[in-house]
Each structure stands twice: as C-alpha cells, then as structure tokens.
1. Among the residues in region 328-346, are any of a type in the set (Gly, Ala, Ser), modelled with pLDDT under 80 and within 60 Å of the chain's Cα centre (by Cα)?
2. How do the pairs read when you match residues in region 283-303 that are without any contact (Cβ under 8 Å) to a residue 40 or more places away in the chain and under 15 Å from residue 271 (Cβ atoms) with residues anywhere that are hydroxyl-bearing (Ser, Thr, Tyr) and in a loop (DSSP other than H, G, I, E, B), using Cβ under 8 Å and keeping only pairs 6 or more apart or on different chains?
3. Where the second residue is among the β-branched types (Val, Ile, Thr) and in a helix (DSSP H, G or I) and the first is more than 20 Å from residue 425 (Cβ to Cβ) and lies in region 15-34, which pairs have Cβ atoms under 7 Å and are six or more apart or on separate chains?
4. Quick check on region 122-142: of everything there that is in contact (Cβ under 8 Å) with a residue 60 or more places away in the chain and in a strand (DSSP E or B), which residue is farthest from residue 409 (Cα to Cα)?
5. Tell me yes or no: at least one residue of region 105-124 is farther than 19 Å from residue 82 by Cα and at pLDDT 85 or above.
6. Return the residue satisfying two criteria in turn: it lies in region 95-111 and is in contact with a Leu (Cβ under 9 Å, 6 or more places away or on another chain) and assigned to a helix (DSSP H, G or I), and of such residues it is surrounded by the fewest Cβ atoms within 10 Å (Cβ to Cβ).
7. Quick test for you: out of 407, 397, 364, pick the one residue that is surrounded by 12 or more Cβ atoms within 10 Å (Cβ to Cβ) and modelled with pLDDT under 65.
8. Quick one: residue 117 ticks every box in (1) surrounded by 15 or more Cβ atoms within 10 Å (Cβ to Cβ); (2) over 25 Å from residue 50 (Cβ atoms); (3) among the basic types (Lys, Arg) except a single one, so which number is it?
Amino acid sequence: MQEILNQIYGYVRGIWRRRWVMILIAWLVCVIGWVVVLKMPDQYTASARVNLDTQSLLRPLLRDLAMQSNIGQEVQLITRTLLSRPNLEKVARMTDLDLRAKTPAEMESLLDSLAGRLSFVKTRQANLYNIRFSDSDPVLAKKVVQALLTIFVESSLGSSRKDTDSAQRFLDEQINIYEARLIESENRLKEFKRKNVGIMPGSGGGYYGRLQTTMSQLKEAQLQQQEAINRRDELMSQLEDAEDDLEDDLLSSTMLGSTSSPLDARIQNLQVKLDNLLLKYTEKHPDVVSIKTTISALQTEKQTEIESMSERTGESSFGENPVVQQLKIALGEAEAVVASINVRVAEYEKRVKDLGTMVNTIPQVEAELKNLNRDYGIVKRSYETLLSRRESARMGQEADESGDTVQFRVIDPPRVPLEPSGPNRTLFLSIVLLAGLGAGLGLAFLLSQLRATFSDRDTLRNVTEYPVLGTISMEWTRAQRVRMRLETMVFTACSLALVVAFGLVVLFQDKGISLLARFS
C-alpha cells in the first residue's frame with residue numbers, strides 16, 4: 001500500500017512540475033471550446049400531437065356483413081414506415097428543401113439530416129403520436145412538422161381506400177371470368193343431358209343402385225302377383241263350390257220331383273236285361289252293346305230334361321243368391337288386380353332387361369354426369385362466393401369513405417416555442433471545462449513520463465537496482481521560497497480565473513447576453 005501511495009505521490013509531483021503546461025492547455029482548450037459552443041446556432045424544436053381514433057360504431061355493426069381492414073395493423077405499419085426515404089423526399093419537396101441540394105450526394109445528405117432530426121413516437125396514451133423536428137430556422141421547423149403530419153393523415157386514409165379499390169377491381173375481373181366459366185359449364189351440362197335423355201340417373205342413385213331397386217321392385221311385384229292369383233283362384237274355387245252346392249240342391253229337388261219318370265223305368269228295365277246278358281256274354285256281344293247304347297241315350301235324354309228343369313228353376317235361384325253375387329264381385333276385383341299386377345311385373349321385367357343391356361353405357365354416362373356436376377358445382381360456388389365478397393367489399397368501401405371508421409384529431413397543431421430549445425450550452429460549456437482540465441492533466445502526465453525523475457530513494461533503488469546509501473535534502477534559499485510561493489499563488493489565481501470565467505460565461509448565457517457579439 002505504501003508503494004502505491006509513493007507511486008501516486010510521484011505522479012502528482014511530476015504533474016506539478018509541468019503545472020504551467022497543464023494550466024495553459026486547459027485555458028486554450030476551454031477558450032476554443034467555449035467559443036465553439038457559443039457560436040452554435042440556436043435550435044428550435046417544432047412539435048405536434050395527433051390522435052388516431054380507430055374505435056368506430058360502424059365496425060361492430062358491419063361485423064360479418066362487410067369486409068373490414070385491420071385499421072390498427074395498418075396504422076402500426078404506417079407509423080413504422082413514416083420516416084422512410086420516399087416520405088422524406090415528399091417532406092423535402094413540400095418544404096422546398098430539395099432546392100438546396102444541387103447534386104445527388106447533397107440530396108442524400110439532406111435526407112440523412114432530416115431523418116436524424118425528425119422523430120415520430122407514440123406516447124403512453126392510446127393512439128396519441130408526437131411529431132418533432134429541430135432546426136435553426138423556426139419557420140422551416142414548423143413547415144417540416146406540418147408536412148409530415150399531412151403525409152401521415154393522407155397515407156393512413158389513402159392506403160385502405162387504395163387497397164379496397166384494387167380488391168374491387170380484382171373481384172370484378174374474377175367475377176367476369178367465373179361467370180363465363182359458369183355459362184360454359186351450364187351449356188355443357190345441358191347438352192350432355194339432351195344427348196343422353198332417357199338414360200340419365202334418377203333420384204334412386206347410380207346404375208347399380210337403380211338395377212338393384214328395379215330387381216327388388218320386380219320381386220315384390222311378382223310376390224304380389226302370386227298373392228293376387230292365389231286369391232283369385234281361391235275365389236273361383238269358392239264360387240264353384242257355391243254353385244255346385246246350389247246345383248245339388250236343385251238336382252235333388254228335381255230328382256225328388258221326377259222319381260216316377262218313364263225314362264227312369266225304361267233305364268232300370270234295360271239295366272236288368274244288361275245284367276242278365278253279361279252273365280252269358282262278353283262286353284263285345286252285339287246285344288250287350290245295343291243295350292248299353294240305348295241306356296246311354298236314355299240317360300242323356302234324362303240329363304237334358306234335368307238341365308232344362310234346372311235352368312227353369314236355377315236361373316232365378318243363382319240370380320237371387322247373395323253369396324254367389326258377392327263371390328262374383330270379389331272374383332272380378334281379384335281378376336282386375338291380377339291384370340294390373342301382371343302389367344306392373346311386365347314393366348319391371350322390361351326395365352331389368354333394358355338395364356341389363358346398358359351395363360356398359362349407363363355407368364359411363366353417370367361418371368361423365370358426375371364430373372360435369374362437380375365442375376359446375378365448384379364454379380358455381382366460387383362465383384357465388386365472389387359475388388358475396390364483392391358486396392362485402394363494396395359495403396366496406398362505403399363505410400371507409402363515410403369517414404367514420406378512422407378519425408384524426410390534431411391535439412396540438414404544429415407550433416414552435418419563442419425561446420430556442422437547444423443546444424444546451426450550459427452542459428456543453430461544462431463538458432468543455434472538464435475536457436480542458438483533462439487535456440491539461442493528460443499532457444502534463446505524459447510529459448512527466450517522457451522525462452521522468454526520481455522523487456524518492458526507493459524508486460531510485462528499484463529502477464537502478466543499486467544500493468542507495470542515503471539522500472541529501474534540498475536546501476532552498478529565502479528568495480527561492482518567495483518565488484515558489486509566488487508561482488503557487490499565480491497558478492492558483494489562473495485556476496480560479498478559469499473557474500470564474502466558466503461561471504461568467506454560464507451566467508451570461510443564462511441571461512441571454514451574447515458575449516461574442518459584445519466582443520465583436
């Protein structure tokens with residue numbers, strides 16, 4: 001620790017030996033720096049505040065009805081690109097700054113200067129923006145702020161309208177294209193249906209579905225046919241039984257009334273003779289054959305008489321019998337049902353046969369029809385979607401043009417304070433003072449290191465590595481001591497004068513007194 005203190009003490013003594021160089025450099029740097037600071041032109045900062053209100057009553061009302069642009073995102077993009085090169089060129093043209101640039105290099109320098117002095121920041125409050133610009137000309141500063149504010153408002157309003165117009169044009173072009181495609185698809189579908197009329201698939205599905213349905217219908221019709229036939233046959237059987245029963249009744253009554261008929265007696269006598277002959281002869285005997293023929297003729301004659309009597313007495317009986325009448329009516333209905341079902345079965349058989357012969361044609365027609373319907377459906381959906389989108393875009397554009405979606409409110413119009421806002425000369429003067437003192441100390445330390453001396457015996461021994469037997473103290477005369485005190489007083493006075501000069505410069509600056517003007 002002692003060695004460090006000794007080393008520091010050595011540095012201080014070396015700087016002290018060059019104190020006049022130090023104070024001279026400090027004064028020189030301070031005077032030059034203060035003159036430069038005082039010559040710096042006054043800077044006037046023009047500012048403006050604008051509020052961008054994106055909360056509109058139309059937005060919730062038009063939700064799901066009109067296409068709405070993302071105003072917040074657009075504003076965010078505009079604020080980030082407001083200080084872009086094209087906008088800076090617009091500002092330069094609007095404020096006639098571009099007239100100062102004679103060459104492209106000067107124009108680039110001018111734009112860089114504008115970009116460095118312009119600021120567009122968002123405050124902590126919602127959608128409140130500050131625009132600032134500093135220049136030595138207060139009128140120019142105000143013009144620049146006004147120009148940037150105008151560009152901000154126009155770009156915010158015009159970007160969404162420009163995008164909407166381009167979207168409208170694109171939608172109109174696509175609608176015309178899809179309308180032509182839709183008409184073409186409709187014509188192809190109509191022509192295809194016209195050429196393939198009669199073999200188009202119906203609501204029953206495809207070919208195999210239609211074939212399966214028709215076969216099922218045929219089986220069901222055949223079953224109904226069999227049931228109708230069975231019912232008809234049963235009715236016919238019942239009718240025949242009823243008629244037979246009625247005839248038996250009539251015959252029995254007729255026969256009861258004619259038991260004593262002469263034909264029956266003759267037939268009975270001939271039958272007795274036939275039996276006696278058969279005992280003697282065979283079936284082929286002429287007498288046997290003759291008697292059989294006679295008996296057959298008599299039986300036929302008897303049957304004719306019975307039938308005539310039955311017709312005379314049975315016609316009225318059949319006509320008056322309600323059971324026979326009902327059975328005849330039911331039989332007629334059953335025959336009609338059988339006839340209609342026969343027609344249906346024949347039709348279904350014909351359909352199954354026709355479908356079987358078109359096993360290769362109909363599936364191909366169905367496949368082509370599906371392709372045409374699919375293309376037509378896709379084009380139609382796209383066309384209807386485009387029409388809906390165009391209507392939504394039109395409604396959204398009208399909402400944007402109404403001016404109620406985004407509202408700009410200039411809170412503080414562009415203004416320039418009467419007093420200059422910069423530069424901060426007090427700060428710069430203080431920095432110059434510190435820089436002068438630092439330059440003086442640095443130069444004095446550098447000179448002391450370039451021409452170093454030994455301030456104590458320890459340093460001498462460490463550097464030379466020789467043993468130091470002793471030291472001899474300096475004995476100053478009275479005149480030398482007086483001169484040293486005088487030099488110290490002069491150095492202190494010069495240092496205090498530097499501080500006093502700094503205070504006076506700062507004081508005059510705060511009072512608005514121009515020292516350079518007074519000196520000039």
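1. No - not one qualifying residue is present in region 328-346.
2. Going by the 8 Å Cβ cut-off, the qualifying pairs are 287/281; 288/281; 288/282.
3. Going by the 7 Å Cβ cut-off, the qualifying pairs are 22/15.
4. 135
5. Checking region 105-124: at least one residue is farther than 19 Å from residue 82 by Cα and at pLDDT 85 or above.
6. 100
7. Details: 407 fails: modelled with pLDDT under 65; 364 fails: modelled with pLDDT under 65.
So the residue among 407, 397, 364 that is surrounded by 12 or more Cβ atoms within 10 Å (Cβ to Cβ) and modelled with pLDDT under 65 is 397.
8. (2)
The values are calculated or read from the model by the stated rules, or taken from the named source; none is laboratory data. Source: prediction; values computed, not measured. Quick reminder, even Gly has a Cβ in these numbers, built from the backbone with ideal geometry, and neighbours come from all protein chains shown.
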